[in-house]
1. I want to check the label-to-label distance for R193 and R141. Put each point 7 Å from Cα in the C-beta direction and report it in nm to one decimal.
2. Collect residues whose amide H, placed 1.01 Å from N in the peptide plane, falls under 5 Å from the amide H of L138; neighbours closer than 5 in sequence don't count.
3. Give K198/K223; K147/K223; K147/K248; K198/K228 a once-over and call out the pairs whose C-alpha atoms are over 20 Å from each other.
4. How do S171, S257 line up, fewest other C-beta atoms within 10 Å first?
5. Among L235, L46, which comes first, then next, by fewest other beta-carbon atoms within 10 Å?
6. Using 0.36 nm times the number of residues separating I38 and D16, minus their current alpha carbon distance, what extension gain do you get?
7. Which of the three applies to the range 128-190, rounded, prolate or oblate, going by the alpha-carbon gyration tensor with a ≥ b ≥ c and a/c under 1.5 meaning rounded?
8. Can you compute the modelled spin-label distance between Q28 and L235, with each label point 7 Å from Cα toward Cβ, in nm?
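Bear in mind these aren't lab numbers, they're just calculated from the coordinates by the rules spelled out. This structure is a prediction, so every number in the text was calculated from the model and none was measured. A quick note on method: Cβ atoms are made from the backbone with ideal geometry, for glycine too, and the neighbour counts reach across all protein chains shown.
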Amino acid sequence: MRIVYLLPIDAFLGQDAQEELLAHVDGQRRDKASRQPIPANRARSLCAGALLQCAVDWWQKGRLNQDGAGRSATFSVKNGNFPAKRGGFPAESGEFSVKNGEFPAKSGEAPGSAGAECQWVTLAPEEILAALPHTRGLDIRYGERGKPYLTALPLYFNLSHSGGYVACGISDEEIGVDVQETGRTVSMRLADRYFTPKERERLAHIPDKEAYCHFFSRLWAQKESYGKLTGRGVLDAIGTSPLEEQGKLGIGLSEYSGLDGYAACACWRVGGRM
């Protein structure tokens, strides 16, 4: 069971919106965000912390309300809004309006319910603002390789941000997540160092600059998410294609293409390997 939430940061660039997030994120995140002098970077940091707190809260409440069929009786999104009921937990509705073509179509089915390897959910700012005041702060520590983990919960998470979006992957097993803005200038030197001969050949046959940058970003998101899964960073993906070598690497992989101008990818362990 794994979910990746995506949140746009545009609504949180102003001081008033950031103050609202600062009032509810945990102390670790407040300190980290307060050290960011650039408003956009501060917004990314605050949004990442807020998104993580909400994701953990929804996960816990979804698990507590899950019935024997593996379907949540109360975890659903009504008309795209999270009403502040029962401690901020989304009220039952059986209707979904999240902007996600891969979201389950069954009435009343919850994000992360059985039947999908990885679910991607794009949230609106008002959904986070409605839920955040009812969440609790999180105690986050860092492992040997600098990978963050939750001390009090049997959950794994991973955060990423690029351009105008932050992403939060949450799972009951280790996960790596990456989001990449595709409109940026890319370097062939990076491709020469990190990409496989087959990946470089495919890039070389893309004449259109926009398509080239998008495909480059897809490959980079695959490698970053794999490196974040292992905890060894993108260096772990030199000369490796996570998408084409899933069996060899012992991973599962999911890409998301529902955001214009962005590529996103999630990786997770399969069968206790790695």
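1. 3.3 nm
2. Long-range HN contacts for L138: D26.
3. Long pairs (Cα-Cα over 20 Å): K147/K248; K198/K228.
4. Arranged by neighbour count, lowest to highest, S171, S257 become S257, S171.
5. L235, L46
6. Using 0.36 nm per residue and subtracting the Cα-Cα distance, I get 6.4 nm.
7. Working: a/c = 2.84, a/b = 1.49, b/c = 1.91.
It is oblate, given that a/c is not under 1.5 and a/b is not larger than b/c.
8. 2.4 nm
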